[in-house]
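Step one of this worksheet: look at the structure below.
The values are calculated or read from the model by the stated rules, or taken from the named source; none is laboratory data. Just so it is clear, the structure is predicted and the values come from calculations on it, not from any experiment. Glycine gets a Cβ as well: all are built from the backbone with ideal geometry, and neighbour counts include every protein chain shown. The area values use the complete protein model at the heavy-atom level, side chains included, leaving out ligands, DNA and RNA. Shrake-Rupley method; radii C 1.70, N 1.55, O 1.52, S 1.80 Å.
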Amino acid sequence: MPVVFINLHEVRRLCHWGPVIALTVIAVCSSMAILDSIIWYWPLDTTGGSFNFIMLINWSVLILYNYFNAMFVGPGYIPLGWKPEEDTKYLQFCRMCQGYKAPRSHHCRKCNRCVMKMDHHCPWINNCCGHQNHAYFTSFLLLAPLGCSHAAFIFIMTMYTQLYERISFGWSTVKIDMSAVRRFQPIMPFSVPAFAATLFALGLALGTTIAVGMLFFIQMKVILRNKTSIEAWIEEKAKDRIQYYQTGEEFIFPYDLGRRWENFKQVFTWSGSPEGDGIQWPIHAKCHQHTLTIEQLKQKADKRVRSIQYRVVEDYNGACCPLSKGLNTFFRTPCTEEPRIGLHKGETILATRGTKWWMYGDKVLDDAQTKAGVRLRGWFPRRCVEKCHYDTAVTSAMTSETSSEEKKVK
């Protein structure tokens, strides 16, 4: 699937700190590797030099191809206002998109759309990783470490061949026979600035190899199980819920086809387009299309039951690192892209999780805001709220909403 711009607004994805940093790292490592390969191993003088140079260009082209496809092809979105012909009682309704969420889809707050088979929102491509671009994204995670490893080797050999007369470790001098690559004298001098630039590029290349390589192994782990990162979390919560309530249920993840190769082919195909339409999915023999969505509805109802009501006692402006709320709150802010929500005294919050210094929850809104689909949830400092007795109106609303969800599940 080639890169297609539906409109010029897609180009704006480049105007974000993630793509700016990613493309800068790619540009620095690629350009320095090309320059250093000319100094170290002149490509027109030997077969090895030519092969080295061609492979270097090949890495750069493949990395950029998969990177831009992951960014601009996108994950695939559920149509706005989508509604299936039947079985709507097993699906969650998205108030923002005014439609139902198809199996495996989730609403992304950054993209403001329901994403097909959403894995996560990646700041480095400023887009979600999902059904349509999962293969491109994973290929980029594989190619970037390989290309950076090649570049790092070039950086090391360039510095050695230019400085080997002065490299010594006390007991002996490190020397490598470089007669094959020194037949041609470099047309560019290896000056102190060039050495500093090469050393800096080496650090970027090694750091990228380690960091992106780890992400690749994480992605391959979930792909071989035909599972997204979000679904892995849902499966873990399902086991916790069953154990907590001792229901005796057996939860089987519906999209694991049993064989790694079959799971692999759901993402990687010769055509470049993934299997399926993003709505209907191949499933395990003991499951059906809505096994996971029913579990999500149960967890949603359970989440409301377990949420704790808090009253706001101190204003908070929604800052990421509020110094006025104490040093511990400032330094231990959650390392996540999830939003912060501003608070005003007297408001009510339903908290669902938290740390020692921060909490996460939903702000209780009035009926007009609720009907309009407004939802305010995010992180806030723990010191700004205090646990309160259950409010009758809020509790009754929670009870009625929970019972309606349970009826859907049944």
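Residues that are hydrophobic (A, V, I, L, M, F, W, C), open to solvent by 50 Å² or more (accessible area, probe 1.4 Å) and free of Cβ contacts under 8 Å to residues at least 12 places away in the same chain within the stretch 337-373 comprise A368, A372, listed in sequence order. The requirement of being open to solvent by less than 70 Å² (accessible area, probe 1.4 Å), in a strand (DSSP E or B) and in contact with a Lys or Arg (Cβ under 8 Å, 6 or more places away or on another chain) is fulfilled nowhere in the stretch 282-299; no residue meets it. Suppose the filter is touching a helix residue (DSSP H, G or I) at 6+ places or on another chain (Cβ under 8 Å), in a loop (DSSP other than H, G, I, E, B) and touching a residue at least 12 places away in the same chain (Cβ under 8 Å); does W59 pass it? Considered against the rule, which asks whether it is touching a helix residue (DSSP H, G or I) at 6+ places or on another chain (Cβ under 8 Å), in a loop (DSSP other than H, G, I, E, B) and touching a residue at least 12 places away in the same chain (Cβ under 8 Å), W59 comes out as no.
Contact map, the stretch 85-97: first residue under 27 Å from K110 (Cβ atoms) and free of Cβ contacts under 8 Å to residues at least 12 places away in the same chain, second residue open to solvent by less than 100 Å² (accessible area, probe 1.4 Å) and not in a loop (DSSP other than H, G, I, E, B), Cβ cut-off under 8 Å, separation 6 or more or different chains; pairs are F93/G99; F93/Y100. Identify all residues within the stretch 300-315 that are surrounded by 19 or more Cβ atoms within 10 Å (Cβ to Cβ) and basic (K, R); write none if there are none. Residues satisfying the conditions do not exist here. Listed by first and then second residue, the pairs with beta-carbon distance under 6 Å, at least 6 apart or on different chains, first residue in the stretch 126-149 and over 12 Å from L215 (Cβ atoms), second at pLDDT 95 or above and among the basic types (K, R), are G130/K117; H131/K117. Out of all the residues in the stretch 35-55, which are more than 17 Å from L142 (Cβ to Cβ), touching a residue at least 24 places away in the same chain (Cβ under 8 Å) and part of a helix (DSSP H, G or I)? The answer is L35, D36, S37, I38, I39, W40, G48, G49, N52.
Give the residue, chosen from V212, V192, V222, that is free of Cβ contacts under 8 Å to residues at least 24 places away in the same chain and out of contact with any Lys or Arg (no Cβ under 8 Å at 6 or more places or on another chain).
Numbers: V212 fails: free of Cβ contacts under 8 Å to residues at least 24 places away in the same chain; V222 fails: free of Cβ contacts under 8 Å to residues at least 24 places away in the same chain.
Exactly one residue qualifies, and that residue is V192.
Tell me yes or no: at least one residue of the stretch 64-72 is in a helix (DSSP H, G or I) and farther than 19 Å from G147 by Cα. So far as the stretch 64-72 goes, yes, one or more of its residues are in a helix (DSSP H, G or I) and farther than 19 Å from G147 by Cα. Taking the stretch 252-278 as the search range and keeping residues that are open to solvent by 30 Å² or more (accessible area, probe 1.4 Å) and within 14 Å of A102 (Cα to Cα), which one is modelled with the highest pLDDT? Among residues in the stretch 252-278 that are open to solvent by 30 Å² or more (accessible area, probe 1.4 Å) and within 14 Å of A102 (Cα to Cα), the one modelled with the highest pLDDT is D277. The set of residues from the stretch 33-54 being under 18 Å from L202 (Cα atoms), open to solvent by less than 60 Å² (accessible area, probe 1.4 Å) and of a type in the set (A, V, I, L, M, F, W, C) comprises A33, I34, I38, I39, W40, F53.
Scanning the stretch 222-251 for residues that are open to solvent by less than 80 Å² (accessible area, probe 1.4 Å) and farther than 20 Å from R104 by Cα returns I242, T247, G248, E249.
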